[in-house]
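Each remark here refers to the structure printed beneath this line.
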Amino acid sequence: MTTHRSRPRAICIDLVRSLLTEHQALPENVRIARELNANLGFHISRRGAEIWQAAHDAGLPIVVLTELPKAQVRSAIDALPSDPDLVIVSEATETRGGRSVLLESAARGFGMKANDILYIGDAEGCDIEAPASFGMRVCFGDDAVQQVQSLDNRRRGTLASGRHGDDAELAHTVLLPLDLNIYDMGDTELFRKRCHFVFDTVLIIEGLVATSGFGLKAIEKNVAGHAVIVFGAAGIGEASDVSEIVHERLHRIKYGGGEKLILVHTENPKAVDRLNIAGIAEDLGYDVELRTWKTLMSQFDQNPILDV
């Protein structure tokens, strides 16, 4: 069986080159309005709006790069349909290593490898050489909408149904809760806003956790739009049944590109992994991490604007 390439973990795009255009000469009444609303200095292009919507539907973190003067950055960001997850600002790239400074900051800000990030170039792809050399995945701006739409979360239900077809890049990181004690998750608003930096699939196995109730509803609410939830029913909950279901679901997700499994629990997950799920996942080729909810949450808190 051929395993698909894992889906990217983030999207990186130049704010002005690929998303925005500046307004031309404005009539006097609009100039007056500009004094009241600074974002009239920029507006999102039609192609930029399509790319942004596709990226939003994919549920992936979005980082924008800009070399605009700091005084103009907020105005430019306000022209976007919603705030990006991370903004990398530099007014000194010519004297500090060119665009490599921005690209390195993007990867560092997300805490990801360069190959985890899809860089969307301008219409002619004139700006993709540097990110490609840096190791990022790249695509031309004119191809971006179709490529990013293929990552749409609404199309990723094939993971749960088993209907893969020709779909690729369905997953990169799986979160498998060994309990669903929502009170130990900490700031659920922070969880909702930042969880897509860490995982894009949640595997819920009946027999390990309850597949109904407040804890599950909280997970469903907090990952909506960012991650798909895959369920596995293990019948009466015998250990052998649960292990078989875990193996089958992880095997299916591995086919869709899954690379990492995070086992998460209230206390010490290593002590409660009585079914040796870590061993099952490692045999399938996953990189396995054992976390508590507290240490998982510690990854979510970061400044959305980095000045380099």
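Quick note: the coordinates plus some simple rules give every number you see, no bench work behind them. The shown structure was predicted, so the numbers you read here are calculated from the model rather than taken from an experiment. Every residue, glycine as well, gets a Cβ built from its backbone with ideal geometry; the counts of neighbours run over all protein chains shown.
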Requested in this report: In whole Å, largest first, what are the principal axis extents of the Cα atoms in region 41-82?
Outcome: 31, 20, 14
Requested in this report: Determine the sum of side-chain charges near ARG9: Lys and Arg each +1, Asp and Glu each -1, restricted to other residues whose C-beta is under 9 angstrom from that of ARG9.
Outcome: 0
